[in-house]
1. Under 8 Å between Cβ atoms, which residue pairs at least 6 apart in sequence (or on different chains) link something in segment 8-29 that is touching a residue at least 40 places away in the same chain (Cβ under 8 Å) and on the phi > 0 side of the Ramachandran plot with a partner that is surrounded by 17 or more Cβ atoms within 10 Å (Cβ to Cβ) and assigned to a strand (DSSP E or B)?
2. Please go through segment 85-114 and give me each residue that is crowded, with 19+ Cβ neighbours inside 10 Å, over 18 Å from residue 149 (Cα atoms) and touching a residue at least 60 places away in the same chain (Cβ under 8 Å), ordered by number.
3. Taking segment 133-152 only, how many residues are over 14 Å from residue 90 (Cβ atoms), in a helix (DSSP H, G or I) and touching a strand residue (DSSP E or B) at 6+ places or on another chain (Cβ under 9 Å)?
4. Looking at residue 40 and the list (1) more than 20 Å from residue 98 (Cα to Cα); (2) within 16 Å of the chain's Cα centre (by Cα), which single condition is not satisfied?
5. Kindly indicate the residue of segment 14-25 that is touching a strand residue (DSSP E or B) at 6+ places or on another chain (Cβ under 7 Å), at pLDDT 95 or above and within 26 Å of residue 106 (Cβ to Cβ) and also surrounded by the fewest Cβ atoms within 10 Å (Cβ to Cβ) among those meeting that condition.
6. Given the condition in contact with a helix residue (DSSP H, G or I) (Cβ under 9 Å, 6 or more places away or on another chain) and surrounded by fewer than 18 Cβ atoms within 10 Å (Cβ to Cβ), answer yes or no: does some residue in segment 119-127 qualify?
7. Look through 134, 143 and report the one residue that is on the phi < 0 side of the Ramachandran plot and touching a helix residue (DSSP H, G or I) at 6+ places or on another chain (Cβ under 6 Å).
8. From 59, 63, grab the single residue that is buried (at least 18 other Cβ atoms within 10 Å of the Cβ), in contact (Cβ under 8 Å) with a residue 40 or more places away in the chain and within 22 Å of residue 156 (Cβ to Cβ).
């Protein structure tokens, strides 16, 4: 890992989640908080300006429409990534892709010279090729660590957190 400043950027959705039920903290956020705790990194959570519905089916419908339209939803606040050398970047997989609000964040920033360490949650699709998408979108950045992915239902367990910690130790 770099000796410079580290940031954890992530998007996560709480409320009703597939395969885990109703949760107060989203699956990806659980992992992001662990990365912050283990690395001492700063953090920024991507919060959509127009939050997703709490009911899973309604959230699916909205996210599906955003994807079809190629939308770039606005998010609340921002972080200046220019002062960071290493950026852990976390997100859930939604229908084999990044959530559209994640694209909004990626496309807004200059990733030149950054080391990006991706991690994601899913319920069966692994990283769904998103690490390649990140490589293409983050022009000038270096992807490090091969990425880390796990089912959201596993992220909620002690075993899942241990797997994340082992991955972090290997970086």
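1. Cβ pairs passing all conditions: 15/23; 19/151.
2. 86, 101, 105 - these are the residues of segment 85-114 that are crowded, with 19+ Cβ neighbours inside 10 Å, over 18 Å from residue 149 (Cα atoms) and touching a residue at least 60 places away in the same chain (Cβ under 8 Å).
3. Result for segment 133-152: 2.
4. (2)
5. So the residue we want is 14.
6. Yes - at least one qualifying residue is present in segment 119-127.
7. 143
8. 59
The values are calculated or read from the model by the stated rules, or taken from the named source; none is laboratory data. Keep in mind that this is a model prediction, so the values were computed, not measured. Positions of Cβ are backbone-derived with ideal geometry, glycine not excepted, and every protein chain shown enters the neighbour counts.
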